[in-house]
Amino acid sequence: MINIVLFGPPGAGKGTQAEILKEKYSLVHISTGDVFRFNIKNETELGKTAKSYIDKGALVPDEVTINMLSAEVDKHIKTAKGFIFDGFPRTEAQANALKVLLDEKSTQVNAMIALEVDDEVLVKRLLERGKVSGRADDADESVIRNRIKVYYQETAILKEYYKKQDKYFGVDGVGSIEEITQRISRIIDQL
Ligand code: AMP
C-alpha cells in the first residue's frame, strides 16, 4: 500500500491535486472536509455537529473527526491500493490516531507532501473559489483568515511530526495545476 498525506493550508490546492493523483496512482481519496460537507448536506447528526465548527473556520473536535476517518478507511481497506488523505490529519492527536489505525492494518503513512503557498495568495484564491464553490467558509474573508490562523496554530506542527520520521516533502504550490502534479509525482514515484 501507498499512503500519502496531502498537506498544506486551506486553498493550497490539496483537493484539486488529490482528484488528479487518485486517478494517476489508483488510490482512494479521503477528504475529511468533503465527508463533513456531504453530512451537512444530508442533515445527519454528524453534519449538524460539524457545521457549527466549519462555519466559524474552527476545527471539528478530534474525537468526531477521528471516528469518521476511521469509518471511511474501513469502507475501502479491503480493496484499496492505498489512500490519499486530504485535510487529515490536522492535529497531533489525529496523526497519532492515523498511525494506530494504519498499524492495525499493517500499513503506514509513506509520505506527507505539503503544498507551500503564501498566505495572501491563499486568501485571494479562497475568495475566488467562494464565488463558485457555494462554501460559506470560502465566502467570508474573516472566516478564511481564521482558517489560515488555525492552520498555523494547530496544524503546521505536523510538519515537524513527519520530518522527524523523514517523511516530509515540501512542494512549491504556485504554478499551473499540471506543473504542481508533476512536482508531486516526482516524489511519489520515488517512494
Ligand atoms: P477543508 O475542506 O479541508 O478545507 O475543510 C473544511 C473544514 O472542515 C475545516 O475548516 C474544518 O472546520 C473541517 N475539517 C476538515 N478536516 C478536518 C480535520 N481533519 N480536523 C478537524 N476539522 C476538519
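Numbers for the structure displayed
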item	result
Residues located in the range 17-52, provided they are over 11 Å from the mean Cα position of the chain (by Cα), open to solvent by 20 Å² or more (accessible area, probe 1.4 Å) and within 12 Å of the ligand (Cβ to nearest atom)	V35, R37, F38, N39, I40, L46, T49, K51, S52
Selection within the range 120-149 - farther than 28 Å from H76 by Cβ and surrounded by fewer than 15 Cβ atoms within 10 Å (Cβ to Cβ)	E120, V121, K124, E128, K131, V132, A136, E141, S142, K149
Residue list for the range 157-177, restricted to those being without any contact (Cβ under 8 Å) to a residue 40 or more places away in the chain and either within 16 Å of the ligand (Cβ to nearest atom) or charged (D, E, K, R) (or both)	E160, K163, K164, D166
E72, sole failed condition from (1) within 26 Å of E178 (Cβ to Cβ); (2) in contact with a strand residue (DSSP E or B) (Cβ under 6 Å, 6 or more places away or on another chain)	(1)
Filtered residues of the range 1-40 (kept if within 24 Å of R125 (Cα to Cα) and either free of Cβ contacts under 8 Å to residues at least 12 places away in the same chain or among the hydroxyl-bearing types (S, T, Y) (or both))	T16, E19, S31, T32, F38
Tabulated pairs, the range 54-72, first within 22 Å of R145 (Cα to Cα) and surrounded by fewer than 16 Cβ atoms within 10 Å (Cβ to Cβ), second modelled with pLDDT of 95 or more and of a type in the set (S, T, Y), C-beta under 6 angstrom, 6+ apart or interchain	none
Among (1) of a type outside the set (A, V, I, L, M); (2) open to solvent by less than 60 Å² (accessible area, probe 1.4 Å); (3) within 13 Å of the ligand (Cβ to nearest atom), the one test that N3 misses	(3)
Residues being away from the ligand (no atom under 14 Å from the Cβ), surrounded by fewer than 17 Cβ atoms within 10 Å (Cβ to Cβ) and more than 17 Å from L21 (Cα to Cα) - total across the range 77-104	7
Leading residue by the ranking (farthest from G11 (Cα to Cα)) among those in the range 106-118 that are open to solvent by 60 Å² or more (accessible area, probe 1.4 Å) and touching a residue at least 40 places away in the same chain (Cβ under 8 Å)	Q108
Qualifying residue in the range 150-161 (condition: at pLDDT 95 or above, over 22 Å from P61 (Cβ atoms), surrounded by 13 or more Cβ atoms within 10 Å (Cβ to Cβ) and of a type outside the set (K, R))	no
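The values are calculated or read from the model by the stated rules, or taken from the named source; none is laboratory data. What you are looking at is a predicted structure, and each value in this text was computed from that prediction instead of being measured. Positions of Cβ are backbone-derived with ideal geometry, glycine not excepted, and every protein chain shown enters the neighbour counts. Heads up: the accessible areas ignore ligands, DNA and RNA and are worked out on the full protein's heavy atoms, side chains in. Shrake-Rupley method; radii C 1.70, N 1.55, O 1.52, S 1.80 Å.
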